[in-house]
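Report on the following structure.
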Amino acid sequence: MTSTPATPVTAGTPEARADGIPDFPPPRSSECPFAPSPEMRALSGYGPLTRVRSWGGSTPWAVTGHAEQKALLSDARLSVEFTRPGFPSPVDPSHAHAGSTDLSFVGMDDPEHARLRRMISGAFTIKRIEAMRPRVQKMADDFIDAMLEGPGTADLVQALALPIPSLVISEMLGVPYRDHEFFQTNSKVIVSAVASPEERRTAHTNLAAYLDELVGRKLTEPGDDLLSSLCTQIENGELTRREAATMGVLLLLGGHETTANMISLGTLLLLQHPEQLALIRDTDDPAVIRDAVEELLRYLSIVHLGRRRTALEDIEIAGRTIRAGEGVILLGELANRDPAVFPDPDRLDLTRNARHHQAFGAGAHHCVGQPLARMELQVIYPTLFRRIPTLRTVDDLDAVPFKYDAVIYGLHALPVTW
């Protein structure tokens, strides 16, 4: 089966070499900061699977189609282990080990992945997360109160978007919120696309040592929190202290970094679409809010360097053959704009049924914290726009500092006034 693109390169598509294989494009651009870059979007023109050229001339498969991604994300013949030959690293593989970080079960295949994941999945059931909703509502009101008591301007990232998910995950884990600057700073380095391998490794080492110290403390003084629950697994011989600490790093980082970016980026997007913003602000129907949040998740797709895998066996899909040992990059931002699944996908429509988006992945490795992220967004967006109906940005859109330099897309800052 040929591995060259199905259609030729035309103007506006990613640069291709003589063999017709395009370079892996930048995921976002200032031309269209809320959507995949024109070069990224152009990959869909080659069909649901196409080769792309990555580090060192390697040519992994880029998967752009929604149906194909859903199938492959649920396929046990694809491995998430980044140390396997052929894994399509998002960074220069010559630096991979220098900058690699141990993020617990997200980089493991089953059965080890399933064993570790089961130990924390109970904390993220819908019933338990819904019980937290009143607490998150109070947080939102408290932080907005503090904004309104200020000078009439604020950086929404620092005033609201970053502190609320940081406080939520801190309370869940049993991490002292007074340490939020420490873990936010190190988390930012870990998800940076421009930090050096040594900087990423140091940041991860800092967080791992911090969580290890907390685990040690909770082994002797347990509380009513998730880290203390993991300590019970240590005492039962089902988990090592190192495993508990690295799971803590994963949960602390993932629990605040992604949601914070969705809050700020979604707020800015809605301010650009006042008619859509009004749908959230002017309703008290939870179903309307739920649908709105799903559409924002689909539209923004903030995990924007692709979910990466290596084929363990040959896989036939969409008329192509992914050979054993070949890399696969599953581009969620393109799957979430597949017109076969989402009609008129570039239109923001908070009333559409977007619940089958893949912002949280799919299959065994879907995001374990997605019920928490959804609940936080369902609380924060309507609360913010109801409490501050005159909210507006200070700067023009082209002056807003987008995170083109991070593996999780969002905003470095969002100056607002009211």
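The values are calculated or read from the model by the stated rules, or taken from the named source; none is laboratory data. Computed from a predicted model, the values in this text were never measured in an experiment. We place every Cβ from the backbone using ideal geometry, glycine too, and count neighbours over all the protein chains shown. Accessible surface areas use protein heavy atoms only, side chains included; no ligands, DNA or RNA. Shrake-Rupley method; radii C 1.70, N 1.55, O 1.52, S 1.80 Å.
How far apart, in nm, are two points set 7 Å out from the Cα along the Cα-to-Cβ line at Arg386 and at Ala209? So the label points at Arg386 and Ala209 sit 4.6 nm apart. Starting from 0.36 nm per residue, how many nanometres of slack lie between Cys32 and Asp142 once their C-alpha separation is accounted for? Result for the pair: 36.2 nm of gain on full extension. Mean projected area of the convex hull spanned by the Cα atoms of segment 46-175, taken over all viewing directions: 12.7 nm². Taking all protein chains in place and a 1.4 Å probe, what share, in percent, of the accessible surface of the chain do carbon and sulfur account for? The value for the chain is 54 percent carbon and sulfur by accessible area. Between Arg347 and Trp55, full extension at 0.36 nm per residue minus the direct alpha carbon distance yields a gain of 101.8 nm. Looking at the chain, the accessible area is 41 square angstrom per residue; that uses a 1.4 Å probe and ignores ligands, DNA and RNA. In the chain, Cα pairs under 8 Å separated by at least six residues give a relative contact order of 24 percent. Shape index of segment 328-400: Rg/Rh, with Rg the Cα radius of gyration and Rh the Kirkwood radius from the inverse mean 1/r over Cα pairs, equals 1.04.
One equal scatterer on each Cα of segment 123-261, no solvent, Debye formula: the resulting log10 I(q)/I(0) at q = 0.20 Å⁻¹ is -1.22. For Lys127, a cut-off of 23 angstrom between C-alpha atoms picks up these lysines, skipping any fewer than 8 places away in its own chain: Lys138.
When the Cα gyration tensor is reduced to axis lengths a ≥ b ≥ c, the ratio a/c is 1.5 or higher for segment 337-378, and with a/b not above b/c it is classed as oblate.
Counting only whole DSSP H helices of the chain, the ones at least 27 Å long by C-alpha along their axis and with mean Kyte-Doolittle hydropathy no lower than -1.0 are 197-220, 241-272. For the chain, the dipole from Cβ point charges (+1 on Lys and Arg, -1 on Asp and Glu) about the Cα centre works out to 560 debye, to the nearest 20. Taken along the Cα-to-beta-carbon direction at a fixed 7 Å, the label points for Ala193 and Arg133 span 3.6 nm.
Mind running the shape call on segment 51-90? Use the C-alpha gyration tensor, a ≥ b ≥ c as the square roots of the eigenvalues: rounded below 1.5 for a/c, prolate if a/b tops b/c, oblate otherwise. Oblate, because a/c is 1.5 or more while a/b does not exceed b/c. Which one of Val106, Leu156, Val303 has its Cα pushed farthest toward the positive end of the charge dipole of the chain, where Lys and Arg give +1 and Asp and Glu give -1 at the Cβ? Result: Val106. Tell me the net charge near Pro60. Cut-off is 10 Å between Cβ atoms, Pro60 excluded, with +1 for each Lys or Arg and -1 for each Asp or Glu. So the environment of Pro60 carries a net charge of +3. Per residue, the Cα convex hull of segment 182-293 amounts to 149 Å³. Once the mean of 1/r is taken over each pair of separate Cα atoms and inverted, segment 270-418 shows a Kirkwood hydrodynamic radius of 17.5 Å. With a ≥ b ≥ c the root eigenvalues of the C-alpha gyration tensor of segment 128-167, is it rounded (a/c under 1.5), prolate (a/b larger than b/c) or oblate? The shape class here is oblate.
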